[in-house]
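The values are calculated or read from the model by the stated rules, or taken from the named source; none is laboratory data. Given the structure is predicted, the values throughout are model-derived calculations rather than measurements. With ideal geometry, Cβ positions are generated from the backbone for all residues, glycine too; neighbour counts draw on all protein chains shown. We work out accessible area using only protein heavy atoms, side chains counted, and drop any ligands, DNA or RNA first. Shrake-Rupley method; radii C 1.70, N 1.55, O 1.52, S 1.80 Å.
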Amino acid sequence: MRNEQVRGDDPDAGWLARIMHITFFALLGASLARYLIRHPGDPQTPWVIACSVVLALLYVLGPTLSARPTPRWLLWLGAVVGSWVVLVLLAPSFTWCAVPLLYTGLRALPVRHALALVGVLTAFVVVAQLRLSSGFDPNLLVAPPAVAALAVAVFVHMRRQSERIAAIERREGTLAERQRLAMEIHDSLAQGLSSQRMLLQAADRVWETDPAKARTHVHTAASFAERNLAEARRFVHDLAPADLAEGGGLAAALQGVAERSSTETLSVRCRVDGPPRPLPDRVESALLRIAQGALANITEHSGASAAALTLTFLDDQVVLDIADNGRGFDPAAVTPTGVRGHGLPAIRARAGQLGGILTVESAPGEGTVLSAAIPLEHRP
């Protein structure tokens, strides 16, 4: 069944099957005309005409354009081949109809069964051609098997190539989905869990000296846990980020992220420049995830005391800037895979998926500014 799915996805299979379908009737009609011209008044003529009609009807009624190796299809193929064999025994000139039948078997049957069918068809072609010949002709004995072997080799090679291509595409799709899941987890769940850990650690430090403050930290950590639970549920169902699902648009979602990311040691503010306007869902989701990922990096690695999110609406693009006053870094020293495999490379990938550009301005001791510019369709 896996091979059938591969062949069923081949865009060339449909028109090739139709060509073979038309070719079969052309060869069947030509063979019948040749027999009637060469053998006028032959006693077998009614039988030849009847067998030709039966074969044509079977071929029309059968699933020749969407073949599947089901029991019903195998029964149909057996009836078609059987009718052709009887017709060849009556009139050897009908051997040319074997070509479309050979293709039909190769297209749907497993290789081992297709080879058996090809062997039967080829044997009858050889016998029929030798009957038509006035004397022994070695070429008639060798040519049909050689042509059949060549056709089978080419067809099997093409089938295996298509299966390899399909396997590669499935593997690439799996890797892309794995990368997408990794970015989603890093930019949403990982940030929330990191914030919970920091809040609980802070609560533990002041548990004895300032119980009220410790309870505040615990309550805030609980709110992060609730948010993470909502993210996880939406993540499982492949829905929009929880902040966007609450309504209010991207600006409100960014404001909520900024408020939750603010701690005792880090102040995060959010600002919107330009008249806000509705954005495509995928653009809003990507920009929100970029903000979450950038803030997660700031919280875990920068040591910053202040950060700012700035969303700017321009005529042909929307720009999200994330700036902090942390320790900074050398952007040229960041490897393509990143230290932990995500973070900055994931942010760059998100921007690139929408045709956008990520600009990084940073230096050791001078803070960092990330700027993600996403192009938009021009709207009057």
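A few remarks follow.
- As a rough guide to protection, the peptides 150-156, 213-219, 320-326 ranked by mean Cβ packing within 10 Å, highest first, stand as 320-326, 213-219, 150-156.
- Convex hull volume of region 143-228 per residue (C-alpha atoms, cubic angstrom): 77 Å³
- Between the listed residues LEU193, HIS113, VAL142, the Cα displaced farthest toward the positive end of the dipole of the chain, a dipole computed from Cβ unit charges relative to the Cα centre, is found at VAL142.
- Potential lengthening between GLU226 and ASP315 on full extension [0.36 nm per residue; Cα-Cα distance subtracted]: 28.3 nm
- Annotation: amide H of THR263 within the under-5 Å range of VAL268, sequence separation 5 or more or interchain, hydrogens built in the peptide plane.
- Amide H contacts of ARG271 (H built 1.01 Å from N, in plane; Pro and chain starts excluded): LEU309, THR310, LEU311 sit under 5 Å, all sequence-distant by 5 or more or on other chains.
- For the peptides 70-78, 135-143, 353-361, residues were scored by their other Cβ atoms within 10 Å and the scores averaged per peptide; the highest-first order is 353-361, 70-78, 135-143.
- Heavy-atom accessible surface of the chain: percent carbon and sulfur, 1.4 Å: 62 percent
- For the pair HIS219 and THR359 in one chain, pulling the backbone fully straight at 0.36 nm per residue adds 46.7 nm over the alpha carbon distance.
- Relative contact order (%) - region 113-226, alpha-carbon pairs under 8 angstrom, separation at least six: 17 percent
- When only Cα pairs below 8 angstrom with a gap of at least 6 residues are kept, the chain shows a relative contact order of 10 percent.
- Per residue, in Å², the accessible surface of the chain once ligands and nucleic acids are set aside, probe 1.4 Å: 55 Å²
- Total formal charge among the other residues, if their Cβ is under 14 angstrom from that of PRO100, Lys/Arg +1 and Asp/Glu -1: +2
- Dipole magnitude of the chain about its Cα centre (Cβ charges: Lys, Arg +1; Asp, Glu -1), debye to nearest 20: 1720 debye
- Over the chain: helical MRE at 222 nm, DSSP H runs n ≥ 4 each giving -39500 (n - 2.57), nearest 500: -21000 deg cm²/dmol
- Which labelled figure in (i) 27, 61, 13, 0; (ii) 27, 52, 18, 3, 0; (iii) 22, 30, 18, 21, 8, 1 is P(r) over Cα pairs in 20 Å bins from 0, in percent, once derived from the coordinates: (iii)
- Available extension along the chain between LEU132 and ARG171 is 8.7 nm, counting 0.36 nm per residue and deducting the alpha carbon span.
- Packing, as the average of other Cβ atoms within 10 Å across residues, places the peptides 249-256, 200-207 in the order 249-256, 200-207, highest first.
- Length-normalised contact order for region 57-154 - Cα pairs under 8 Å, 6+ apart - percent: 24 percent
- Cα→Cβ-extended label distance, 7 Å offset, between ARG269 and VAL156, nm: 7.4 nm
- Furthest towards positive pole of dipole, HIS219, LEU75, THR299, structure part the chain, Cβ charges: LEU75
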